[in-house]
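In what follows, a single structure is set out as structure tokens and then discussed.
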Amino acid sequence: MSRLLRIAAGVGALVGVLAILRIGSFLSYIAERHPEGVVRLAWRARGEHVRECRHRSAEELAKLPPHMRQEEVCEGRVLPYRLVVMLDGTERINREVRGAGAREDRPLYVTEDLAVAPGPHHVSVSFALEGAATAAAETDAHATPSRLTLDTTVTLAERRVLLVTYDEDRKTLISRY
């Protein structure tokens, strides 16, 4: 009898958890309803890739198994960019954007939402290579330019979104309603 009681309690708990998840899935949707407009920054960029190589010493090589004994070891990473967003003359974002992945060797991703009151707004976005490019940087025809800017005035209505994104074909930042 106690085994049957435990099974019933487990099923009841499972049904309760599933009911809470179902109700919770609607809460974020309800919370998203607000009268403001949104300036959304969303793009993926291929930054300038840098390879840093060094030669292993004889001692280092001796410690490695034979199949892993490479004299030259190279590590690659994507150079960081600085994202600056000015909204109506006020700096809203100023941060460094680094390559994705544990070794920072993947593309750069920008995803930001800025809530703004309805009406006209001056939006200025700058996405620039941090520091100077090095001689070891690989030149890639598809790499993002070292500096991207967008300077525009828009009028946002209630619950409207202005999307700022990167156009890879034109190699520039663009805005869309």
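The values are calculated or read from the model by the stated rules, or taken from the named source; none is laboratory data. Bear in mind that the values here come from a model prediction, so they are computed numbers and not experimental data. Note: ideal-geometry Cβ built from the backbone for every residue, glycine included; neighbour counts use all protein chains shown. Each accessible area value is taken on the protein alone, full model and side chains, heavy atoms only, with ligands, DNA and RNA left out. Shrake-Rupley method; radii C 1.70, N 1.55, O 1.52, S 1.80 Å.
Using Cα springs under 10 Å in a Gaussian network model of the chain, which residue among Ser146, Ser126, Ser57 shows the largest mean-square fluctuation?
Ser57
Which length gain, in nm to one decimal place, applies between Thr149 and Glu71 when the Cα-Cα distance is subtracted from 0.36 nm times their residue separation?
Numbers: separation 78, 0.36 × 78 = 28.08 nm, distance 4.28 nm.
That pair, Thr149 and Glu71, stretches by 23.8 nm at full extension.
Ratio of alpha-carbon Rg to the 2.2 N^0.38 Å globular estimate for the chain, to two decimals, please.
Values: Rg = 25.1 Å, N = 177, 2.2 N^0.38 = 15.7 Å.
For the chain, the normalised Cα radius of gyration comes out at 1.60.
Rounded to the nearest 500, what is the 222 nm mean residue ellipticity of the chain from helices alone, with -39500 (n - 2.57) per DSSP H run of 4+ residues and division by all residues?
-7000 deg cm²/dmol
I'd like to check one number: the per residue accessible area of the chain, probe 1.4 Å, reported in Å² as a whole number.
Heavy-atom SASA per residue in the chain reads 67 Å².
Take the solvent-accessible surface of the protein heavy atoms, probe 1.4 Å, and return the percent of it on the chain that carbon and sulfur atoms account for.
54 percent
Rounding to the nearest 20 debye, state how big the charge dipole of the chain is about its Cα centre with +1 on each Lys and Arg Cβ and -1 on each Asp and Glu Cβ.
Result for the chain is approximately 860 debye, rounded to the nearest 20.
Give the accessible area for Leu83 in Å² (nearest 10); use a 1.4 Å probe, count only protein heavy atoms, and leave out ligands, DNA and RNA.
Using a 1.4 Å probe on the heavy atoms, I get roughly 0 Å².
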